[in-house]
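To start, the structure itself, in structure tokens.
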């Protein structure tokens, strides 16, 4: 399919309350520049002509503008985020004034700075009408399933995949799906699509290096991947 435009929404509006640092994780230093700069650079390395929309919290907007200028980070159109990830993505979608039939959109977590080019391009190639494209990683830990009484049983980990980003969609479809009112079950964009009646989901593989910076120790892991050229 020939696409008129490719948009990348980089969601970086979180407060980082679980991270435990002075700054939200997306602004913390990783090998000399903010995590969010690495994220955007990896995405644009894969799709240099894509139109980036970066979502940051309104309170962090001045800081991000300063950091982006200092590190020559091309963060595209900047949108103020909302109180939830869902609201942040919706704000970004609403900021797109013109939508063509074949436009697609990728939605990526700003705290995933090591996404590889193949994952990004594979997501784009798999996008089709009415379909969610979800990159996944095999589960390596043993898993147990909890019931409502707190009892558990082992499950076959080969039946499960860990979901990562960027997730890809036809722009018109995702915009339509985000007309739904917010629901706590919307843990990612593919779940919004499913709730809106778009049942088709295509899984593509990603790499273990496509980690999300969640805890301070994750910065050291990300630095190791970068220093050993393991992020591609």
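FYI, it's all coordinate maths here, none of it is from the lab. Being a predicted model, the structure only gives us computed values, none of them experimental. Cβ: placed from backbone, ideal geometry, glycine included. Neighbour counts: every protein chain shown.
Rank 24, 135, 181 by mean-square fluctuation in a GNM of the chain with C-alpha springs under 10 angstrom and give only the top-ranked residue.
181
What ratio of Cα Rg to 2.2 N^0.38 Å holds for the range 6-227? Each step should come with its number before you reach the end.
Values: Rg = 17.3 Å, N = 222, 2.2 N^0.38 = 17.1 Å.
Normalised Cα radius of gyration, the range 6-227: 1.01.
Estimate the FRET efficiency between residue 155 and residue 31 by the formula 1/(1 + (r/R0)^6), using the beta-carbon distance for r and 41 Å for R0, to the nearest 0.05. Show your work: numbers first, answer last.
Details: r = 38 Å, r/R0 = 0.92.
According to the calculation, E is roughly 0.60.
As a test of the formula, what do you get for the chain when each DSSP H run with n ≥ 4 contributes -39,500 (n - 2.57) and the sum is divided by the residue count, at 222 nm and rounded to the nearest 500 deg cm²/dmol? Each step should come with its number before you reach the end.
Values: 7 runs with 68 residues, N = 232.
Helix-only estimate at 222 nm: -8500 deg cm²/dmol.
If all Cα-Cα distances of the range 74-126 are sorted into 5 Å bins from 0 onward, what percent lands in each bin, rounded to whole numbers?
4, 13, 24, 23, 24, 12, 1
State, to one decimal in nm, how far the label point of residue 126 lies from the label point of residue 49, with both points 7 Å from Cα in the Cβ direction.
2.3 nm
Report P(r) for the range 99-152: all Cα-Cα distances, bin width 10 Å, range 0 to the bin holding the largest distance, values in whole percent.
Pair shares across the bins are 16, 35, 24, 18, 6, 0.
So what's the gap between the Cα centers of the range 124-194 and the range 37-100, to the nearest angstrom?
Centre-to-centre (Cα) distance: 23 Å.
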